[in-house]
Amino acid sequence: MTFPSEGKLYIDGQLRDAANGAKYEDISPWTGEVVAYAADASAEDMEEGSRRGAARVRS
């Protein structure tokens, strides 16, 4: 099984890096191997997603 190893966040229809650039390893519980890297969202990323979502609801 292959997973994209990009490690991006999906915010407002766009794939983007976490604001702080942090990522973490996604480890397969079956094999113990790293299968991907995931973006480690920060509070800044959460606020950005919430702000953009709220803007869509208002329009």
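The values are calculated or read from the model by the stated rules, or taken from the named source; none is laboratory data. Quick caveat, the model's predicted, so the values are computed rather than measured. Methodologically, a virtual Cβ is constructed for each residue, glycine included, from the backbone with ideal geometry; neighbour enumeration extends over all protein chains shown. These accessible areas exclude ligands, DNA and RNA; they are computed on the full protein's heavy atoms, side chains included. Shrake-Rupley method; radii C 1.70, N 1.55, O 1.52, S 1.80 Å.
Brief remarks on what is shown
- The lone exception for Met46 - which of (1) in a helix (DSSP H, G or I); (2) hydrophobic (A, V, I, L, M, F, W, C); (3) surrounded by fewer than 12 Cβ atoms within 10 Å (Cβ to Cβ) it fails: (3)
- With respect to (1) small (Gly, Ala, Ser); (2) in a strand (DSSP E or B); (3) open to solvent by 70 Å² or more (accessible area, probe 1.4 Å), the lone exception for Ala36 is condition (3).
- Cβ separations smaller than 7 Å between residues 6+ apart or across chains give the following pairs from segment 4-20 residues that are at pLDDT 90 or above to residues that are exposed (fewer than 12 other Cβ atoms within 10 Å of the Cβ): Ala19/Glu44.
- Reported count of residues in segment 1-33, each being among the acidic types (Asp, Glu) and outside any loop (DSSP other than H, G, I, E, B), is 2.
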